[in-house]
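Below is one structure, written out as structure tokens; comments come after it.
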Amino acid sequence: PLPLLTGDWPRKRRQKREVPVEKYEKREGSNMAEMMATTLPWHVRYWVYGMNGFLTEVFFTCGHDIVNGMGSWELKGYSSIWSFFIYGTSTMFAEYVYTTLKSRGVSMFWRGVFYTIQAYVFEFACGIILKQFDACSWDYSHTPYHFMGLIRLDYAPFWFIGGLGLELVYFSYFEFVRVINPGQNKLKST
């Protein structure tokens, strides 16, 4: 019988939560081990990373305009839908590099330096591509520390802190998040 229909469902659900994942992983051939050890799918992480970058950019441009006297207390920020894809792709790459560098014992400082360089490479490459289609939403040519109007060298501290922030908040969190794959938990009809 289905636990939901027998009234045992809440009790059994609490018991499953109390059992550590390692206990399931030690059983060979256990379908539960596969279900409990599944990480978040890449497309879910991509969406979270893309939305995080998109919204961070909106908040950053709003704050930047207020600090420089160009904004108002309406708190209007701006971005482009392209930013979602740029941040999603860039952060997925940074996640891969994070696991690689951390496993090799690279210090947090050097990982931050890498994130800064990576941000500049992605911003420049995406800017070059988007300019070919007249779709680039940023132009830094009016600032003193720009390169081809596509990257600002004075933003290095923001990229450094932002990369380490992603590492501390998202990468380390998503390392331990596990989901149950519903496709492996279907009841077999008799």
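The values are calculated or read from the model by the stated rules, or taken from the named source; none is laboratory data. Since the structure is predicted, the reported quantities are computational estimates derived from the model, not experimental observations. So basically every Cβ, Gly included, is an ideal-geometry build from the backbone, and we count neighbours across all protein chains shown. For accessibility, only protein heavy atoms count, side chains too; no ligands or nucleic acids. Shrake-Rupley method; radii C 1.70, N 1.55, O 1.52, S 1.80 Å.
Worth a mention:
- Identity of the residue in region 61-88, part of a helix (DSSP H, G or I) and either touching a strand residue (DSSP E or B) at 6+ places or on another chain (Cβ under 8 Å) or touching a residue at least 40 places away in the same chain (Cβ under 8 Å) (or both), that ends up nearest to Gln132 (Cα to Cα): Trp82
- Single residue of region 126-144 satisfying the filter (small (Gly, Ala, Ser), closer than 20 Å to Ile81 by Cβ and out of contact with any Ser or Thr (no Cβ under 6 Å at 6 or more places or on another chain)) that is modelled with the lowest pLDDT: Ala135
- Residue ID - nearest to Phe114 (Cα to Cα), chosen from residues in region 132-165 that are out of contact with any Pro (no Cβ under 9 Å at 6 or more places or on another chain) and acidic (Asp, Glu): Asp139
- Residues in region 127-152 that are part of a helix (DSSP H, G or I) and open to solvent by 30 Å² or more (accessible area, probe 1.4 Å): Ile128, Ile129, Lys131, Gln132.
- Scan of region 43-61 for residues that are surrounded by 18 or more Cβ atoms within 10 Å (Cβ to Cβ) and either touching a Leu at 6+ places or on another chain (Cβ under 7 Å) or under 19 Å from Trp159 (Cβ atoms) (or both), ordered by number: Tyr49, Gly50, Asn52, Gly53, Phe54, Thr56, Glu57
- Members of region 100-126 found to be assigned to a helix (DSSP H, G or I), free of Cβ contacts under 8 Å to residues at least 24 places away in the same chain and farther than 16 Å from Tyr140 by Cβ, listed by number: Thr100, Leu101, Lys102, Ser103, Phe109, Trp110, Ile117
- In summary, Tyr87 fulfils each of the numbered conditions (1) touching a Cys at 6+ places or on another chain (Cβ under 6 Å); (2) open to solvent by 40 Å² or more (accessible area, probe 1.4 Å) with the single exception of condition (1).
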